[in-house]
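FYI, it's all coordinate maths here, none of it is from the lab. Values in this document were obtained by computation on a predicted structure and should not be read as measured data. A quick note on method: Cβ atoms are made from the backbone with ideal geometry, for glycine too, and the neighbour counts reach across all protein chains shown.
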Amino acid sequence: MLLDFLHMGGYAGYVWSSFGLTAAVLLINLAGARRQFKQRLAFVRRRMAAGDKT
Amino acid sequence: MPGVAGTGGEGMLGKDTQEILIQAEGLELWRGERCLFRDLCLALPEGAVLHVSGANGCGKTSLLRVLCGLSEPEEGEIRWRGQSIRHCREDFQLAFAWLGHLNGFKAELSARENLAFSVSLRRRTDPEVRNNTLDQVGLCAVADLPCRVLSAGQKRRLSLATIMLSAARLWILDEPFTNLDAKGHSMISEMLDRHCAEGGAAIVASHQELGVEQRYLQHLEMEDTG
Amino acid sequence: MWKLFHQFGSPPHFYRLAGYLIPWFGAAALILILVATYGGLVLAPADYQQGDGFRIIYVHVPSASMSLFAYTLMATAAGIGLIWRIKLAHAVAAAAAPIGASFTFLALATGSIWGKPMWGTWWAWDARLTSELILLFLFLGYMSLRAANDDTGKADRASGLLAVVGVVNVPIIHYSVEWWNSLHQGATIMKLGKPAITGDMLWPLLMMIAGFGCYFATVLMIRTRSQVLQRERNTHWLKEL
Amino acid sequence: MSGPLSGFGVVLARDLRLAFRRPGEMANPLLFFILITAIFPLGLSPEPELLRTVAPGILWGAALLSSLLALDLLFKSDYEDGSLEQLVLSGHSLPVMVLAKTLAHWMVSGLPLVLIAPLLASALYLPAEAWGTLMLGLLLGTPTLSLLGAMGAALTTGLGTGSALLSLLVLPLATPILIFGARGVDLAVQGMDPVGPLYLLAAILFLALSLLPLAIATAVRISLD
């Protein structure tokens, strides 16, 4: 049963590549956003800790 | 932070009768991560010259660009004769003349054509008025040559001619003395004296002394926060 | 109303609110997308014409609609930022751009993958795909203009203006491409039309769109927070981070 | 000497005088237009039947690219010598003066394209009855291209990124003009009535004339900040 589910009526390659690509893009986007946020937060904290007069 | 300006010589007509031409409160401007100035206030009455001085990179030019509305300050309000410049942009711009680092002339056009164009943007003047102003600044001989062949000093004198003819109440000059010889220097001092005598005002950013009479002069020292 | 608008517009308030909402939206997005995927791949019957190949619709249509939604949101935020000079609005616009661009790329990629079995080629000048391609260029133009400006304030306003002008043009571009495409009549079979959608084919699609929407909100809030930190200068509330 | 249109004439006269002071620079868009149209037959084939079918696309594509070519200089020289600041601070309505500058630029770079189009159309075997539609379409389309390009130029003036970024910003927005223009000529070639696309081109032109000067003025203020 699992096999013909994976087979996707002959369109396996197209359907799974589409869903795989979608999952990849969504995850990359999420990870990139979180990493950028972490970096920016660290930078702000460092600047605050340095307490330079602004 | 640079404090309140407007200290210095008493105005000619006594403080209260003079109308405050340009007033600014709480001006704040940043360049990237650096704060150029904060809570800067100034009030300039008619018949006064505000000499803005300070080290290089302390924000003199930026302050002048903010005052004439070219740059947006982070915080703060600028009022021209009591009205915020955001609401009276047109009459504010017609009432002041701006001289920046760049002279604002097209290299292809001749001095005469350039002067005619810049003045015609502000008021209608007939040719001989323009000609004797060109004579006054010593450009009569080269008036018909394209500006690209003029020396830097001559170009600066051409922009001074535009300022003279602009009939603007407030002059905002950024380093007017650059490239000028001693004669040019004294010409500017006389111009400023005459301008104040007629009830005009000026904000001048410069490293050199303005050579203006003490009673007109006011100082604003910009601290270097670099 | 103005007080709420202003209060919500203040960066510290938004920063804390976003921090609170992000996990909730993230969880909602995850659940919706997983259930919709299950619904689309397993429960929905195969299309009589395109067989199981049509299931790509469950990723293509949501990302296409998200790409358009992202551009509109970006332009609206930029417009608010330009008119009322609210820095938070510019931060939202700056945050929405990369997400919108990736959704547009996704829509293009899944569209051409879907097109392969239908038309035999990876790319056919189908009206919707061409509009999506032009939308991608609008996003890339926005982001490269923003990157070319080093001062954040100028970058916000310059790219904001471009977005506002762009959003006025998007419908014009869309209809001109439709018109261009419909000229040579043979296009009807090639049209990437939605196959007839019935009940149990439809709900997974709607749920997937909702899931993508929640995902979009989550990543938008994360990116906006970092944009806010980049723009924020008065230090008092930054100290408690 | 206020009045909303007072700045218009002065700026237009100055810009035209400036353009005629350097005729060489003026010819660039025209030469570029001829060059591109000459390249395609070399790339394709001299066979009249093929050229006739692709002629509308080539002519309109070449017109689009050559009108963008000269645009990134529109504000650059004024930005670098400081006269842009003087214009912004002159007290006159900036959108009107910016419109004057764009009109001057169009008269120098867009109008010649319209005049020379029939010559190139004949080189591509385009039938004579389509020339009218081609010229009318270009007459309605090139001003919009100049306005869109002027906004792109104003946005990228201070950045020194040259015309690459300008084209990336403007071309996507210019696609409807290319589509309606080329399709109009195509319909004319097939003997059908091309009035539909021409009306649409005119509609886009009036939309651009009314909204874009405001956007260009804002863009100039932003890049001068």
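Among D:Asp72, B:Asp135, B:Asp181, which comes first, second and so on when ranked by fewest other beta-carbon atoms within 10 Å?
Final ranking by Cβ density, sparse to dense: B:Asp181, B:Asp135, D:Asp72.
Please give me, ordered by residue number, the chymotrypsin sites (Phe, Trp or Tyr not before Pro) of the range C:39-103 that lie in loop per DSSP and have at most 14 other Cβ atoms within 10 Å.
C:Tyr48
Tell me which aspartates and glutamates have Cα within less than 13 Å of C:Lys239's Cα, excluding those fewer than 8 residues away on the same chain?
Of all the aspartates and glutamates, those that pass the test against C:Lys239 - Cα under 13 Å, at least 8 places apart if same chain - are A:Asp52.
At a Förster radius of 30 Å, what calculated FRET efficiency corresponds to the Cβ-Cβ distance of B:Asp135 and B:Ala55, to the nearest 0.05?
After rounding to 0.05, the efficiency reads 0.20.
Would you mind computing, in nm to one decimal, how far apart the modelled labels at C:Arg16 and B:Asp181 are, each placed 7 Å from Cα along Cα→Cβ?
So the label points at C:Arg16 and B:Asp181 sit 6.8 nm apart.
Here is the link list: C:Lys154/D:Lys101; B:Lys106/B:Lys183; B:Lys106/D:Lys76; B:Lys106/B:Lys155; B:Lys155/B:Lys183. Which ones come out longer than 20 Å on Cα distance?
Where the Cα-Cα span goes over 20 Å, the pairs concerned are C:Lys154/D:Lys101; B:Lys106/B:Lys183.
Any idea how far the Cα center of the range B:126-191 sits from the one of the range D:69-114, in Å?
For the range B:126-191 versus the range D:69-114, the Cα centre distance is 25 Å.
Taking Cα pairs under 8 Å and at least six residues apart, what relative contact order does chain B come out at, in percent?
Across chain B, relative contact order equals 33 percent.
Count the DSSP beta bridges whose two residues both fall in chain B, then state the antiparallel fraction as a percent rounded to the nearest 5.
Counting only bridges with both partners in chain B, antiparallel ones make up about 50 percent.
For the pair D:Val54 and D:Asn28, how long in nm is the line joining their label points, each one 7 Å along Cα→Cβ?
Modelled inter-label distance: 2.7 nm.
Under a plain spin-label model, where a point goes 7 Å from the Cα along Cα-to-Cβ, how far apart in nm are A:Lys38 and B:Arg194?
Label at A:Lys38, label at B:Arg194, 6.9 nm between them.
Quick one: the Cα spread of the protein assembly as shown along its three principal axes, in angstroms, biggest first?
Principal extents (Cα only, largest first): 98, 73, 38 Å.
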